[in-house]
Amino acid sequence: MSARALDTVLIANRGEIALRILRACRMLGLRSVVVHSEADRDSAAVRHADQALCVGPAAATASYLNQAAVLFAAEVSGAGAVHPGYGFLSENAEFAERVERAGLVFIGPRSETIRVMGDKVAAKRAMREAGVPCVPGPDETLPDEPEALHELAEAIGYPVIVKAAGGGGGRGMRIVYDAADLLEALSITREEARRAFGNPEVYLEKFLLHPRHIEIQVLADHHGHALWLGSRDCSLQRRHQKVLEEAPAPGIDAGLLAHIGERCAQACRMMGYRGLGTFEFLVEDGAFYFIEMNTRVQVEHCVTEMTAGLDLVQWQIRVALGERLHLLQSDVACRGHSFECRINAENPQSFAPSPGRITGWSLPGGPGVRIDTHAGAGFDVSPYYDSMIAKLIVHGGTRAEALVRLQIALDEMQVSGIETNLALHRKLARDAGFVAGGVDIHYLERLLQQGAAT
C-alpha cells in the first residue's frame, strides 16, 4: 500500500456523516477532501475540510451518485482512499470495484463482499454456511411454475413476505396472507425491484408476526480478526424506516446474545470480511433470524460507540488502511445504555419532508448528551436530500437513567422555521410500552394509527 493511501481521504458524502468522517480523519492526522454538490457549497463539511471539490448540481444523481465525478475528484486531489459514509455509493459494489481498480483504498469491505451481501439470497446462503440462523425460506431463485411457487409458500407457511433480492431501505417487499394473492404479489414486487434496483429477482420468507429488529455490530481487519461490539434494538420503525434506536437491546438473554454475536464474528472470518458491518436480525420468541447485512457504517453507529467506548469511524478507517485490530473480544464490554433519536425535517402528521430555513436552533447539553448534526440557525434544509437534520444521542449508566436523560434533552431541543418530528420523539420517550422495553417492529405503526383514530 502506498504512502499516498495513508495521507488523504476523500469523503464521498454530505451532512452529518461527512462531518463525522472528517473529524475522525483529523484525529488520525489524515488530510480530508470533501466532495459536494452546488447546493452544499456552504455546508459545514466544506468549511472544515482541508480541500473541497464540487462534483455537480444539487440533484444527487448528478453529484453524489456520479461515480466518474467522484473518482475524478479523488484523482485531482491526490486522495489515496475513499470513504463513502452511508447511503449514496456506500454499498455500491460497482463503485467499490472502480475505486479498487484506480489503485485507491475503498474504506469498507472489498467489492466482491459488497456484491454478495447486497444480494439478499446470496447473503442468506453465506450466513447459513457460517451457522448464522436465518428466517425460514429458500436461499435460491424462485421457481417459475405457479404450482411450484404455491407448494413452496405452503411449505414455508402463510403469511409469507416477498422480498427483492437487491432491495433495501424498506422498499421491494410485500406481505402475502393468502395463496390467492401470491402470484400477483410476486409480479408486482418483481417489477418494483426491476425499476428500483435494476434486479427483478425476488425471494420468499416466512413473515414473522411480532418480531423485534435487533442488530449486531461487527468490526474486522485484513488479518483474519473479527469482533462483535454489542447489540442494538432498532424496532421503532415507520414504513420500515428506523426512527429511534438503543443499545444494548433490552430483555435479551446475555448468553444467547453472545452466541449469536460470536456466530456473526465467525461469519466475518469465513468471508474474509474487512471493516465495519452490521448483521440485522428479526427476533421472535427468543429466536434470532438473519435478514440482511449492511456493509457500511450505519446511522445508528453512535449508540454502539457510546456503550462500547470505541470510535467506530476511526477504526473503520484504520482497518481499511491495513492496521491490525489489537483488541480481543474480552476487551469489548457494554457499559451503560444509549438512545439515539433521528431528528427529521418533516411534517408531524403526513411525515412529508419540510425543507426551508431554520430560524431557531437550541440544542440540549449536560452529561451524556451528544448531538451529531450539520445544521444550525440560518441553515437551509434542502429538498434534494434526506430530511434528517440531527441525531440526538444520550448515554446513562442504566436504561432508566438514559431514558430520563433522553426525555430532558428532547424537551430542551428547539427548532423553528421548519417542521420536525421532535414532538413524536417526545411522545415515544414517555410511551409506556417503549419505556418498558422490547416493543416489536409494528409497535410505532400501531401507535400512529391509534393517534390518527382519536
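Miscellaneous remarks
- Checking Leu208, Leu182, Leu204 one by one, the residue that is over 18 Å from the mean Cα position of the chain (by Cα), closer than 30 Å to Cys334 by Cα, in contact (Cβ under 8 Å) with a residue 24 or more places away in the chain and surrounded by 15 or more Cβ atoms within 10 Å (Cβ to Cβ) is Leu208 and no other.
- Residues located in segment 252-276, provided they are closer than 30 Å to Gln407 by Cα and not in a loop (DSSP other than H, G, I, E, B): Ala254, Leu257
- Residue in segment 202-210 that is out of contact with any strand residue (DSSP E or B) (no Cβ under 8 Å at 6 or more places or on another chain) and outside the structural domain of Arg446 (by TED's automatic domain parsing) present: no
- Close contacts from segment 107-120, counting a first residue that is outside the structural domain of Gln316 (by TED's automatic domain parsing) and outside any loop (DSSP other than H, G, I, E, B) and a second that is basic (Lys, Arg) and modelled with pLDDT of 95 or more, with Cβ to Cβ under 8 Å and a gap of 6+ residues or different chains, come to Thr113/Arg274.
- Out of Val381, Val439, sole residue that is crowded, with 19+ Cβ neighbours inside 10 Å and closer than 22 Å to His301 by Cα: Val439
- Any hit, segment 165-173, residues being closer than 30 Å to Val105 by Cβ, in contact with a strand residue (DSSP E or B) (Cβ under 7 Å, 6 or more places away or on another chain) and surrounded by fewer than 20 Cβ atoms within 10 Å (Cβ to Cβ): no
- Meets criteria (outside the structural domain of Ile393 (by TED's automatic domain parsing), of a type in the set (Gly, Ala, Ser) and either more than 20 Å from Tyr384 (Cβ to Cβ) or surrounded by fewer than 20 Cβ atoms within 10 Å (Cβ to Cβ) (or both)) for Ala45: no
- Contacts under 6 angstrom Cβ, first residue in segment 344-367 being at negative phi, partner of a type in the set (D, E, K, R), 6 or more apart: Asn347/Glu419; Pro353/Glu346; Ser354/Glu346; Ser354/Glu419; Arg357/Asp380; Pro364/Glu412
- Yes/no for Ala24 being under 28 Å from Arg342 (Cβ atoms), in contact with a Phe, Trp or Tyr (Cβ under 8 Å, 6 or more places away or on another chain) and not charged (D, E, K, R): no
- Residues considered: Ser330, Ser354, Ser350. Of these, the only one that is at pLDDT below 95 and of a type in the set (Gly, Ala, Ser) is Ser350.
- Filter pass, Ala352 being over 30 Å from Ala226 (Cα atoms) and loosely packed, with under 13 Cβ neighbours inside 10 Å: yes
- Residue among Gly108, Gly56, Gly85 that alone is in contact with a Pro (Cβ under 7 Å, 6 or more places away or on another chain) and buried (at least 19 other Cβ atoms within 10 Å of the Cβ): Gly108
- Residue match in segment 138-147 (condition: surrounded by 22 or more Cβ atoms within 10 Å (Cβ to Cβ) and in contact with a helix residue (DSSP H, G or I) (Cβ under 9 Å, 6 or more places away or on another chain)): no
- Some residue of segment 141-150 being in a helix (DSSP H, G or I), among the small types (Gly, Ala, Ser), in contact with a Phe, Trp or Tyr (Cβ under 8 Å, 6 or more places away or on another chain) and over 27 Å from Gln241 (Cα atoms): no
Residue-by-condition table, conditions (1) surrounded by fewer than 24 Cβ atoms within 10 Å (Cβ to Cβ); (2) closer than 14 Å to Glu245 by Cβ; (3) among the acidic types (Asp, Glu); (4) at pLDDT 95 or above:
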{"position": "Leu282", "(1), (2), (3), (4)": "yes, no, no, yes"}
{"position": "Asp285", "(1), (2), (3), (4)": "yes, no, yes, no"}
{"position": "Glu292", "(1), (2), (3), (4)": "yes, no, yes, no"}
{"position": "Gln298", "(1), (2), (3), (4)": "yes, yes, no, yes"}
{"position": "Asp311", "(1), (2), (3), (4)": "yes, no, yes, yes"}
{"position": "Gln316", "(1), (2), (3), (4)": "yes, no, no, yes"}
{"position": "Leu321", "(1), (2), (3), (4)": "yes, no, no, yes"}
{"position": "Arg324", "(1), (2), (3), (4)": "yes, no, no, yes"}
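- Flag for Asp7 being acidic (Asp, Glu) and at pLDDT below 95: yes
- Arg194 falls short on exactly one of the conditions (1) without any contact (Cβ under 8 Å) to a residue 40 or more places away in the chain; (2) in contact with an Asp or Glu (Cβ under 7 Å, 6 or more places away or on another chain); (3) surrounded by fewer than 18 Cβ atoms within 10 Å (Cβ to Cβ); (4) not hydrophobic (A, V, I, L, M, F, W, C), and that condition is (2).
Here's the yes/no breakdown for (1) within 30 Å of Gly261 (Cα to Cα); (2) part of a loop (DSSP other than H, G, I, E, B):
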residue: Cys334; (1), (2): yes, yes
residue: Gln349; (1), (2): no, yes
residue: Trp361; (1), (2): no, no
residue: Gly366; (1), (2): no, yes
residue: Asp372; (1), (2): yes, no
residue: Ala375; (1), (2): no, yes
residue: Tyr384; (1), (2): no, yes
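- Boolean, Ala409 is farther than 29 Å from Gly286 by Cβ, in a helix (DSSP H, G or I), modelled with pLDDT under 95 and among the hydrophobic types (A, V, I, L, M, F, W, C): no
The values are calculated or read from the model by the stated rules, or taken from the named source; none is laboratory data. Please read these numbers as outputs of a predicted model, since none were measured by experiment. Note that we place each Cβ from the backbone using ideal geometry, even for glycine, and neighbour counts take in every protein chain shown.
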